[in-house]
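Some notes on the structure that comes next.
Rule-based calculations on the coordinates, nothing more; no lab input. What you see is a predicted model, and the numbers here were worked out from it, not measured in a lab. Glycine also receives a Cβ, built like all others from the backbone with ideal geometry; neighbour counts cover every protein chain displayed.
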Amino acid sequence: MTIEPGRFRQAKDKEQTSKRLDHPADGLIPVHWLHTHAYCEFQLYLEKAVGVEAEPTIEMLAGAQQHAFLDAEHVKKAEVELTIDEAAAKAQLEAVTLVSRDVSVRGTALYGRIDEVVFEPNRIVIIDDKPGAQPYFTNKIQVWGYCQAFKETYGPVVPLFGALRQEHSGSVVWLEEYLEDHDNLVTVTVNRIRAILAGAENPQSSGNSRKCQPCRYKESCPACVGQL
Ligand code: SF4
């Protein structure tokens, strides 16, 4: 028999809301930029500094559809409304598992919305749903970015874990505790992104034809390598 965890909608928390207002929105970076940066720094530069536009891929559109489906399924099953602090405390005190989706985070450097957060009595798991089953570094650093922003927004008292889940099968393909090294890596990467966008550092191209071939910027990218 499978025991379904309790699902809840994220309620607004006055304290968290005022904390979030302390951060100037224009100084923050969306967490998903970490993914783009890890794939190819030059792609991030083209997209965010030069303003080159590219059509979304079929995979991106299918992923957005699947996310919307999972969010809608969650809302149907969510029985109560809790703040993140209330959910974390309830999981610990009552030894239950609680789940919320589309959880908003706003840290000192990063902001975004987390696909799913699982509150267990002794840990909190930050989950990102991806179409593929491979736990690539690009996906891991995005999860670590969510972990940093979650930690700074909500100050959890139990260990944080990051996880990747294959969105169609629901299988967890990677699970790892979020540690200081991951936090430092996220901070270094955010600083590097800021320096590139400010023109203080030159962006590096991927130099990898296996990345350039499927890249949606390849037609307008002067650094593209490999046969087109
Ligand atoms: S074509 Fe290659 S170098 Fe250019 S943005 Fe895409 S991945 Fe980067």
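Annotations
- Only one of A91, A38 that is within 16 Å of the ligand (Cβ to nearest atom), touching a residue at least 24 places away in the same chain (Cβ under 8 Å), of a type in the set (A, V, I, L, M, F, W, C) and out of contact with any Lys or Arg (no Cβ under 6 Å at 6 or more places or on another chain): A38
- Residues of region 213-224 classified as over 16 Å from E59 (Cα atoms) and near the ligand (Cβ under 6 Å from one of its atoms), total: 4
- Residue tally, condition in contact with a Pro (Cβ under 7 Å, 6 or more places away or on another chain) and among the hydrophobic types (A, V, I, L, M, F, W, C), over region 151-185: 3
- Screening the candidates V173, V225 for the property of being in a loop (DSSP other than H, G, I, E, B), free of Cβ contacts under 8 Å to residues at least 60 places away in the same chain and of a type outside the set (G, A, S) yields one hit, V225.
- Members of region 34-81 that are touching a helix residue (DSSP H, G or I) at 6+ places or on another chain (Cβ under 7 Å) and not in a helix (DSSP H, G or I): C40, V52
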